[in-house]
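Novice: Let me give you the structure first, and then I'll get to my questions.
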Amino acid sequence: MVELTTKIGDLVFKNPVTVASGTFGVKDEFAPYFDYALMGGVITKTVTTKPREGNAMPRICETSAGMLNAIGLQNKGVEAFLKDVIPYFRSIDTHLIVNVAGKSAEEFAEAARPFSGEATVKALELNLSCPNVSGGLDFSKNALEAKKVIRAVRAVTTKLLFAKLTPEAENVVSIAEAVMEAGADGVSLINTLVGMAVNLREKRPSLANITGGLSGPAIKPIAMRHVFEVKRKLRVPVIAMGGITTAKDALEFLLVGADLISVGTANFINPMAAPEIVQGIREYLEKEGVKSVGDFRGTLKL
Amino acid sequence: MRKERIEVVENVGVSQSFYRLTLRSSFIADRSRPGHFLQMRVSESYDPFLARPMSICRVRRDLVDILYIVVGAGTRVLSSIKPGMKLDVWGPLGTIFTPMPKKKLIYVSGGVGVAPMIFLASQMPVEAFLFGVRTAADLLPLSELGIDKSRLHVSSNDGSVGEKGYITDVFDRLAKNMNPREYFVYTCGPDPMMRLIVKTAKEKGLSGEASMEEVMACGVGACLGCVMDTKRGRITVCHEGPVLPFDVLTW
Ligand SMILES: Cc1cc2nc3c(=O)[nH]c(=O)nc-3n(C[C@H](O)[C@H](O)[C@H](O)COP(=O)(O)OP(=O)(O)OC[C@H]3O[C@@H](n4cnc5c(N)ncnc54)[C@H](O)[C@@H]3O)c2cc1C
Ligand SMILES: Cc1cc2nc3c(=O)[nH]c(=O)nc-3n(C[C@H](O)[C@H](O)[C@H](O)COP(=O)(O)O)c2cc1C
Ligand code: FES
């Protein structure tokens, strides 16, 4: 049996496969397809202090090997989340990582605070990088802003904190360094890239928001580059995401050093993507005669 | 629910515009009800990338029929699929039409929206089946519709088949003599058509259900890409729809 457990801080994940925020519903959307306990963790859709309506329709658009989205952080707010989502995950044997966002450092802290005492919540991911709300991206384009958010959240919780960064920053490595300095336990790389599509027939932008976040296999090489650079220069824990669709994709990210991987847009084209990736990683390592994922991680030849 | 790799049994043109794709899956066949749809990837490649939602049109033992018209990249690829090939499919998904066997049932369909109407009409009585098309090429033969000719009302925009004009005009005319307590309306078709049907129905006090269409990514309520504002608030069309009662619609 191949050992797939992965440790970050004091937290042990049964395997390195998680699902990315906003691509796996809020709660039980994929439960009809497979047992969530097959995954190392679930990262939930961004939750904010107050409910948000999100953006106008249309919000999604297919692109070459990917899609654009401008959902705009639609969510029912922290209070409803605590009442409805947390109890659901209480009995599920997988690590729940709650993704939060706010319009200011204070709002981030306010959104994070109620989860600090929840044993079911194993870690928080801070969405410093939503391209579809005003102010969203700015937090992780600017090292000082990003630090402010991490410090504010660090002050209200001892949970593991992952800072989710944008690939649009001028220097992602320096932002990653800044958030780690401010007290983050790791970084999530990458959020979507800002893109745009046009509907020629209607002579309009394809999205009501005009621009949206590009995700899917199309962005995988960009994600790969950022994960590689951050791992090489900083050696900090990284949750890698961006186009991971098959076990082969996941293994490539593990090879460059990712600690965990997240399956995102792939959930939309295959509701079984996450458990199939867990199984595929296991089979590959077995076939290669590698005893544990730890022995495989970061063994990229340069 | 599960995702399956399903064998395509048949994929044939059944009129100038329509194709019928037949899949073999006892899992889906056993669970399908009128109004349900499937998420279907038309190719293993990333182009086209997203799955296409397709209404279930008919179930025969372990066979499931889909009707489609080639309008873009996905349906073009679909039309080239050969029997014996396999597709990734998951479902059945979404809400279903409520069976109203005691009412006089009116079915109003436009274009490819006819697919779930055919499924429903195969299980319920049919008082009148209205089918609006752009042109004669978009019509389906009676053998595909499975509707008694005397119950069928066809209109085409160009007058090449049936009545010239819009199916909404046919509905308006018929609705004049409908007692709201006796009749119930089911509709599926393009948005502008359904809006007019629902408006007329509401004016006459007629109840009914409509199947909504929205661009989708996940099809399972996970991405929030297909939302719509209703009297129940902001809902996902794929999971909380696509079939909704008229009185929930803000139209
Ligand atoms: C619940 C649900 C059930 C559906 N059931 C069926 C079904 O039973 N049969 C079926 O054929 N389709 C059905 N559809 C629509 C289907 O999912 C696809 O959107 C459609 O077939 C076009 O896919 P495509 O890849 O060929 O076109 P795309 O490449 O996605 O679109 C190409 C272009 O055509 C436009 N376009 C898309 N659809 C239409 C249309 N109907 N008329 C005019 N222009 C259009 C698009 O806006 C785009 O500009 C259903 C959709 C939903 C939401
Ligand atoms: C429809 C959609 C909604 C998303 N919503 C969120 C969100 O609420 N919070 C967040 O941090 N990231 C969100 N993301 C970004 C993903 O979590 C992920 O970082 C990104 O899509 C890249 O991974 P992928 O290519 O595997 O999807 C969303 C992505 C998509 C496609
Ligand atoms: S298509 Fe994803 S929520 Fe409806």
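The values are calculated or read from the model by the stated rules, or taken from the named source; none is laboratory data. Bear in mind the structure is a predicted one, so any value in this text is a computation, not a measurement. Because the Cβ atoms are built from the backbone with ideal geometry, glycine has one as well, and the counts that use them run over all protein chains shown.
Novice: Name the single residue that is surrounded by the fewest Cβ atoms within 10 Å (Cβ to Cβ) among those in segment A:210-248 being under 14 Å from the mean Cα position of the chain (by Cα) and away from ligand 2 (no atom under 12 Å from the Cβ).
Specialist: Among those residues, the one meeting the criterion is A:Pro237.
Novice: Of everything in segment B:172-191, what is among the hydrophobic types (A, V, I, L, M, F, W, C) and over 20 Å from B:Thr250 (Cα atoms)? Give them in sequence order.
Specialist: Residues of segment B:172-191 among the hydrophobic types (A, V, I, L, M, F, W, C): B:174-175, B:178, B:184-185, B:188.
Hits for segment B:172-191 are B:Leu174, B:Ala175, B:Met178.
Novice: Give the residue that is farthest from the other protein chains (Cβ to nearest Cβ), with candidates limited to residues of segment A:28-58 that are of a type in the set (Ser, Thr, Tyr) and surrounded by fewer than 23 Cβ atoms within 10 Å (Cβ to Cβ).
Specialist: As a first pass, look at segment A:28-58 and keep what is of a type in the set (Ser, Thr, Tyr): A:33, A:36, A:44, A:46, A:48-49.
Subset that is surrounded by fewer than 23 Cβ atoms within 10 Å (Cβ to Cβ): A:33, A:36, A:49.
On the way: A:Tyr33: 6, A:Tyr36: 13, A:Thr49: 19 Å.
This residue is A:Thr49.
Novice: Only one of A:Val78, A:Val100 is more than 14 Å from chain B (Cβ to nearest Cβ) and in contact with a Pro (Cβ under 6 Å, 6 or more places away or on another chain). Can you tell me which? Walk me through it before giving the result.
Specialist: Details: A:Val100 fails: in contact with a Pro (Cβ under 6 Å, 6 or more places away or on another chain).
The unique qualifying residue is A:Val78.
Novice: Working only within segment A:12-27, note down all residues that are buried (at least 19 other Cβ atoms within 10 Å of the Cβ) and either free of Cβ contacts under 8 Å to residues at least 24 places away in the same chain or more than 26 Å from A:Ile71 (Cα to Cα) (or both).
Specialist: Across segment A:12-27, the qualifying residues are A:Phe13, A:Asn15, A:Pro16, A:Gly25.
Novice: Looking for something of a type outside the set (Val, Ile, Thr) and touching a Ser or Thr at 6+ places or on another chain (Cβ under 8 Å) - is there at least one such residue anywhere in segment A:182-192?
Specialist: Yes, segment A:182-192 has at least one match.
Novice: Something else: Output the residues belonging to segment A:112-132 that are polar (S, T, N, Q) and in contact with a Gly (Cβ under 8 Å, 6 or more places away or on another chain).
Specialist: At the first step, the residues of segment A:112-132 found to be polar (S, T, N, Q) are A:116, A:120, A:127, A:129, A:132.
Hits for segment A:112-132 are A:Asn127, A:Ser129, A:Asn132.
Novice: Which of the residues spanning segment A:132-157 are surrounded by fewer than 21 Cβ atoms within 10 Å (Cβ to Cβ), part of a loop (DSSP other than H, G, I, E, B) and touching a residue at least 40 places away in the same chain (Cβ under 8 Å)?
Specialist: A:Val133, A:Ala155, A:Val156, A:Thr157, listed by residue number.
Novice: Which residues, counting only those in segment A:64-91, are basic (Lys, Arg) and touching a residue at least 12 places away in the same chain (Cβ under 8 Å)?
Specialist: Taking segment A:64-91 first, the residues basic (Lys, Arg) are A:76, A:83, A:90.
Within segment A:64-91, A:Lys76, A:Arg90 meet the criteria.
Novice: Please state which of the following conditions B:Asp47 fails to meet, knowing it meets all the rest: (1) crowded, with 22+ Cβ neighbours inside 10 Å; (2) out of contact with any Pro (no Cβ under 7 Å at 6 or more places or on another chain).
Specialist: (1)
Novice: I would also like to ask the following. Residue check: is B:Gly233 more than 14 Å from chain A (Cβ to nearest Cβ), surrounded by fewer than 19 Cβ atoms within 10 Å (Cβ to Cβ) and more than 19 Å from the chain's Cα centre (by Cα)? Step through it out loud before you land on a result.
Specialist: Details: more than 14 Å from chain A (Cβ to nearest Cβ): no; surrounded by fewer than 19 Cβ atoms within 10 Å (Cβ to Cβ): yes; more than 19 Å from the chain's Cα centre (by Cα): yes.
For B:Gly233, the condition - more than 14 Å from chain A (Cβ to nearest Cβ), surrounded by fewer than 19 Cβ atoms within 10 Å (Cβ to Cβ) and more than 19 Å from the chain's Cα centre (by Cα) - is not met.
Novice: Need pairs with beta-carbon distance below 6 Å; first residue within 14 Å of another protein chain (Cβ to nearest Cβ) and surrounded by 19 or more Cβ atoms within 10 Å (Cβ to Cβ) and within segment A:268-282, second modelled with pLDDT under 95 and assigned to a helix (DSSP H, G or I); sequence gap 6+ or separate chains.
Specialist: none
Novice: To continue, here is another question. Taking the condition among the acidic types (Asp, Glu) and closer than 29 Å to B:Arg41 by Cβ, does A:Asp249 pass?
Specialist: Yes.
Novice: Looking for whichever is more than 30 Å from A:Cys61 (Cα to Cα), away from ligand 1 (no atom under 16 Å from the Cβ), out of contact with any strand residue (DSSP E or B) (no Cβ under 8 Å at 6 or more places or on another chain) and not small (Gly, Ala, Ser) here; the options are B:Glu182, B:Glu203. Which one fits?
Specialist: Working: B:Glu182 fails: out of contact with any strand residue (DSSP E or B) (no Cβ under 8 Å at 6 or more places or on another chain).
B:Glu203 is the lone residue from the list that is more than 30 Å from A:Cys61 (Cα to Cα), away from ligand 1 (no atom under 16 Å from the Cβ), out of contact with any strand residue (DSSP E or B) (no Cβ under 8 Å at 6 or more places or on another chain) and not small (Gly, Ala, Ser).
Novice: Considering only segment B:38-97, state which residues are within 14 Å of another protein chain (Cβ to nearest Cβ), in contact (Cβ under 8 Å) with a residue 60 or more places away in the chain and within 12 Å of ligand 1 (Cβ to nearest atom).
Specialist: Within segment B:38-97, B:Gln39, B:Leu50, B:Ala51, B:Pro53, B:Gly91, B:Pro92, B:Leu93, B:Gly94 meet the criteria.
Novice: Check off (1) away from chain B (no Cβ under 14 Å); (2) buried (at least 20 other Cβ atoms within 10 Å of the Cβ); (3) assigned to a loop (DSSP other than H, G, I, E, B); (4) not basic (Lys, Arg) for A:Val290 and give me the number that stays unchecked.
Specialist: (2)
Novice: Right, something else. Please work out which one of (1) assigned to a helix (DSSP H, G or I); (2) out of contact with any Cys (no Cβ under 8 Å at 6 or more places or on another chain); (3) under 21 Å from B:Phe49 (Cα atoms) is the condition A:Ser262 fails and give its number.
Specialist: Only one criterion in (1) assigned to a helix (DSSP H, G or I); (2) out of contact with any Cys (no Cβ under 8 Å at 6 or more places or on another chain); (3) under 21 Å from B:Phe49 (Cα atoms) is unmet by A:Ser262, namely (1).
Novice: Does segment B:192-212 contain at least one residue that is modelled with pLDDT of 95 or more, away from chain A (no Cβ under 14 Å), buried (at least 19 other Cβ atoms within 10 Å of the Cβ) and within 16 Å of ligand 3 (Cβ to nearest atom)?
Specialist: Yes, because at least one residue in segment B:192-212 is modelled with pLDDT of 95 or more, away from chain A (no Cβ under 14 Å), buried (at least 19 other Cβ atoms within 10 Å of the Cβ) and within 16 Å of ligand 3 (Cβ to nearest atom).
Novice: Here's another thing I want to ask about it. Please find, within segment B:54-94, the residue that is nearest to ligand 2 (Cβ to nearest atom) out of those that are crowded, with 22+ Cβ neighbours inside 10 Å and assigned to a loop (DSSP other than H, G, I, E, B).
Specialist: Result: B:Gly94.
Novice: Let me ask you something else. Determine whether B:Phe171 is under 22 Å from the mean Cα position of the chain (by Cα), assigned to a helix (DSSP H, G or I) and among the aromatic types (Phe, Trp, Tyr).
Specialist: Details: under 22 Å from the mean Cα position of the chain (by Cα): yes; assigned to a helix (DSSP H, G or I): yes; among the aromatic types (Phe, Trp, Tyr): yes.
Against the criterion (under 22 Å from the mean Cα position of the chain (by Cα), assigned to a helix (DSSP H, G or I) and among the aromatic types (Phe, Trp, Tyr)), B:Phe171 qualifies.
Novice: Go through segment B:100-122 and report how many residues are free of Cβ contacts under 8 Å to residues at least 60 places away in the same chain and part of a loop (DSSP other than H, G, I, E, B). Spell out the reasoning first.
Specialist: Of segment B:100-122, the ones free of Cβ contacts under 8 Å to residues at least 60 places away in the same chain are B:101-102, B:121.
Imposing the further condition that a residue be part of a loop (DSSP other than H, G, I, E, B) reduces the set to B:101-102.
Final tally of qualifying residues: 2.
Novice: In this structure, does B:Cys218 turn out to be in contact with a Phe, Trp or Tyr (Cβ under 6 Å, 6 or more places away or on another chain), under 25 Å from A:Ser206 (Cα atoms) and either away from chain A (no Cβ under 14 Å) or not polar (S, T, N, Q) (or both)? Working first, answer last.
Specialist: Working: in contact with a Phe, Trp or Tyr (Cβ under 6 Å, 6 or more places away or on another chain): yes; under 25 Å from A:Ser206 (Cα atoms): yes; either away from chain A (no Cβ under 14 Å) or not polar (S, T, N, Q) (or both): yes.
Yes.
Novice: While we're on this one: Tell me the strands (runs of 3 or more DSSP E) entirely within segment B:182-248 that contain at least 2 residues that are within 21 Å of A:Lys76 (Cβ to Cβ).
Specialist: On the way: elements: B:183-188, B:207-211, B:227-230, B:233-236, B:243-245.
Here the list reads B:227-230, B:233-236.
Novice: Has segment A:197-209 got any residue that is surrounded by 18 or more Cβ atoms within 10 Å (Cβ to Cβ), within 14 Å of another protein chain (Cβ to nearest Cβ) and within 16 Å of ligand 3 (Cβ to nearest atom)?
Specialist: Yes, segment A:197-209 has at least one match.
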